[in-house]
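Asks: Before we start, here is the structure in question, set down as structure tokens.
The values are calculated or read from the model by the stated rules, or taken from the named source; none is laboratory data. Fair warning: this is a prediction, and the values are worked out from it, not measured in the lab. Using ideal geometry, Cβ is built from the backbone for each residue, glycine included, and neighbour counts are taken over all protein chains shown. To get the accessible areas, we keep the full protein, side chains included, count just its heavy atoms, and leave off ligands, DNA and RNA. Shrake-Rupley method; radii C 1.70, N 1.55, O 1.52, S 1.80 Å.
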Amino acid sequence: MGLCSNNALRAFVTYYTTCINRWNHNLLHRIRSIESIACFMGCTTKIQPCLSMFTLDESYGWQSSNSDKSQAIECFLTLLMCCLLHCFCVSCEDFRLKMAKLKHQRKIRGDRRSSSRFSNLVSSFKQFYLHFADRGSRRAGQKSWLKWAIAFCVPLAFLAVLGVLGGPLADMAIAQAPAAADKNPYAGIDTGDTAWMLTCTALVLFMTPGLAFFYGGLVRSRNVLNTMMMSFVSMGIVAVIWIFWGYSLSFAHVALDKDNWETGIGQFIGSLQWFGLNGVGLTPEPIYGATIPHQLFMAYQMMFAIITVALVSGAIAERMSFKAYVWFLILWSTFIYCPLAHMVWGRGYLGHLGALDFAGGTVVHISSGISALVAAQMIGKRKDYTIKPIIPHNVPYVLLGVGILWFGWFGFNGGSAIGIGKDIGVGPSATVAFVATTVAASAAGLAWALAEWFGRGKPTAVGIGTGFVAGLVGITPAAGFVTPVSAILIGAITSICCFFAVNFKAKIQFDDALDTYPVHGVGGTVGAILTGVFATKSVNGLGADGLLFGNFNQLLIQIWAVLIAYVIAGVGTFIILKVIEQFMPLRVKDNVEDEGLDVHEHGEEAYGESIATELAFSSRTTEI
């Protein structure tokens, strides 16, 4: 049987060598290419011994060293999977040539859509997909269905294939690598930490329905269901993405140095070795949480991913197509959130640099805020914006949402200690974060109410609620690094900055519908920078001292992290929306916007007769 395996292996390798010769590339380059692919897939430690089993002589003849049957089979499967992926890369070169040919043909016909390079690239991709979609649909008679299947499912299928390729080379879910016989793999789990993190995970998930009520109360009655759906649908889509590839891209290791920091490409994106939760079991992952099950850490981080992309919906409320928003959810959570989470929390570039982000100032609030700003600009203003007053239709909904958000924020910030915490000299404390969260929100709500009182004569319910949220946003990156007094200052300063940002937005008539950027973008930015001012090791030995404690460099690091988050989120959102725009309109039609998105996008009414009355009024206005 061993001889048969070796013969089959020798035949396969000989065939692959012939292919290499035909492609006019040397063998060493190909082997290095396979090693690079394997490194990205997280299986370097397994493929290198397999490659070392062979030696290549001058006549391209392969000689196998002595190995047992299992090594030969593992080598065969590893090379087969990597060569399949390598063939895909070769196909990409054919794709590039086809793009050049299509572009040349279009130029001859004089069909030039845009002079910019980016537009031409996007148009070429679109034409390539639609060309094959139309060709196949003429045979099948299902043009529309096949077009979208090819246009959008192919990229997602590619990610799935990468994960499947990595699957046989990684441990299956739950069944992790066996521990030593004399050591219990569950011995490190702390029941108190686990109970606390389970509670915090539920609290953070509860924040998304709270956000739905907060946003839903701020819009007009004919759009309340659509606005709330934009938050709830994230709970479905992002959770599934997180299980398959989101968690792996955010936290899976690529190549760690001796201090457990990522190197190379791993500084910016994770590998796919945990695709489909392969290797993510119930035993602790020592780097991320040594006292809780690995799957619990995964679930906790999932809740952050869910609410982050839902925050963006506030800027484009009452006018964005729901179908386009769904595709935006998928692409944004994959290509924006995952890299940022890995860079900050996944032992990546910003974390190694020393940037302090306890619970998501850059990863959650700055990324969603700047993405909301770009999305609102690209989609455009609402049709009746600045023409007539647009006021919240249900202020009690707004206050209910604020209360739920504040309640859930204890899990958001307190759970980011990844346990209860014991000795603040060597690690974070949930108590420190809990207290900071409370007093920062209180100070922020008070500051906003006073600003309205002195500036406009009356404090408003929506105003104080928005102030509470602004304070919670500002303290998020600093919660585990500052004292209670510093938390009060951070909350108050953030609230005042957000208050002026909201007023400035109204002055320049920029239609960020629910003030996502003025609250989350500005609040996250101010909070991240103030973390570099007030942070102290006296409450968290794993943190750093800030400007007030003699460390000016920490302030510079915080500013640099903010700038990087702005660039990744802003440019990435622009590209994602441009790509989606090539296949479907980003916003609804004018009549849908006039009559309300609830009925047209979802076929439902929030309040029955009130919607019918608004539609009738809109119809009479049109006739006049």
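Asks: More than 18 Å apart: what percent of Cα pairs in region 449-526 qualify?
Replies: Working: 1192 of 3003 pairs.
Of the Cα pairs, 40 percent sit more than 18 Å apart.
Asks: Mind checking the alpha-carbon convex hull of region 363-409 and giving the volume per residue in Å³? Could you put the intermediate results ahead of the total?
Replies: Working: hull volume 4.5 nm³, N = 47.
It comes to 95 Å³ per residue, whole-number rounded.
Asks: Mind listing the long-range amide H neighbours of Asp384? Cut-off is under 5 Å, sequence gap 5 or more, other chains count too, H placed in the peptide plane at 1.01 Å from N.
Replies: Placed amide hydrogens put nothing under 5 Å from Asp384.
Asks: Still on this structure: Could you tell me the accessible area of Tyr607 in Å² (1.4 Å probe, neighbours in place), rounded to the nearest ten?
Replies: Counting only protein heavy atoms, Tyr607 exposes about 90 Å² to solvent.
Asks: Using per-residue counts of other Cβ atoms within 10 Å, averaged over each peptide, order 452-458, 584-590 from highest down.
Replies: Values: 452-458: 11.3, 584-590: 15.4.
For the peptides 452-458, 584-590, the packing ranking is 584-590, 452-458.
Asks: Any idea what Rg and Dmax come out to for region 182-243 if you just take the C-alpha atoms, in Å?
Replies: My reading of the Cα-based Rg and Dmax gives 17.8, 64 Å.
Asks: Take the solvent-accessible surface of the protein heavy atoms, probe 1.4 Å, and return the percent of it on region 468-593 that carbon and sulfur atoms account for. If you can, show how the numbers build up before the last one.
Replies: Numbers: 3380 of 4640 Å².
So the carbon and sulfur contribution to the accessible surface is 73 percent.
Asks: Here is a further query. Which three numbers, in whole Å and largest first, are the semi-axes of the equivalent ellipsoid of region 265-364 derived from its Cα gyration tensor as √(5λ)? Walk me through the numbers before you get to the answer.
Replies: Details: eigenvalues 140, 54, 34 Å².
They are 26, 16, 13 Å, listed largest first.
Asks: Equivalent ellipsoid semi-axes for region 291-330, as square roots of 5 times the alpha carbon gyration tensor eigenvalues: give them largest first, rounded to whole Å. Numbers along the way, then the final one.
Replies: Details: eigenvalues 174, 20, 4 Å².
Semi-axes from the Cα gyration tensor: 29, 10, 4 Å.
Asks: Give Lys458/Lys537; Lys323/Lys458; Lys458/Lys589; Lys505/Lys578; Lys505/Lys589 a once-over and call out the pairs whose C-alpha atoms are over 32 Å from each other. Please report the intermediate quantities before stating the final value.
Replies: On the way: Lys458/Lys537 41 Å; Lys323/Lys458 41 Å; Lys458/Lys589 38 Å; Lys505/Lys578 24 Å; Lys505/Lys589 25 Å.
In this structure, Lys458/Lys537; Lys323/Lys458; Lys458/Lys589 exceed 32 Å between Cα atoms.
Asks: Then there's this: Just to check I understand the Karplus step: with θ = phi - 60° and J = 6.51 cos²θ - 1.76 cosθ + 1.60, what whole-Hz values come out for region 260-275, glycine and proline as x?
Replies: Going residue by residue, I get 6, 10, 5, 10, x, 5, x, 5, 10, 7, x, 8, 9, 5, 9, 4 Hz, with x marking Gly and Pro.
Asks: Could you pull out every residue, at least 5 positions away or on a different chain, whose amide H is within less than 5 Å of the one on Arg587? Hs are placed 1.01 Å off N in the peptide plane, and Pro or chain starts have none.
Replies: Placed amide hydrogens put Ser321 under 5 Å from Arg587.
Asks: Oh, and also: Across 10 Å bins from 0, what is the distribution of all Cα-Cα pair distances for region 208-333, in whole percents?
Replies: The calculated distribution, bin by bin, is 13, 36, 27, 17, 6, 0.
Asks: So what are the ³J(HN,Hα) numbers for region 405-415, from phi and the Karplus equation (6.51, -1.76, 1.60; θ = phi - 60°), rounded to whole Hz, Gly and Pro as x?
Replies: Along region 405-415, the couplings run 4, 4, 4, x, 5, 5, x, 4, 8, x, x Hz.
Asks: Along region 456-462, what does the Karplus equation 6.51 cos²θ - 1.76 cosθ + 1.60 (θ = phi - 60°) give for ³J(HN,Hα), rounded to whole Hz, x for Gly and Pro?
Replies: With the stated coefficients, region 456-462 comes to 10, x, 9, x, 10, 5, 5 Hz.
Asks: How much of the calculated P(r) for region 339-487 lies past 26 Å, in percent of all Cα pairs? All intermediate terms of the calculation are to be shown ahead of the outcome.
Replies: Numbers: 4150 of 11026 pairs.
Counting pairs separated by more than 26 Å, the tail of P(r) holds 38 percent.
Asks: Asn260 label point, 7 Å along Cα→Cβ, cut-off 20 Å on backbone N: hits in region 348-369?
Replies: Label zone hits: 348-360.
Asks: When only Cα pairs under 8 Å and 6 or more residues apart are kept, what is the percent relative contact order across region 385-441?
Replies: 26 percent
Asks: Which peptide among 569-578, 401-410 comes first, and what is the full order, when sorted by highest mean count of other Cβ atoms within 10 Å? Walk me through the numbers before you get to the answer.
Replies: Values: 569-578: 19.4, 401-410: 21.7.
The most tightly packed comes first, giving 401-410, 569-578.
Asks: Please report how far the C-alpha centroid of region 534-600 lies from that of region 444-513, rounded to the nearest whole angstrom.
Replies: 18 Å
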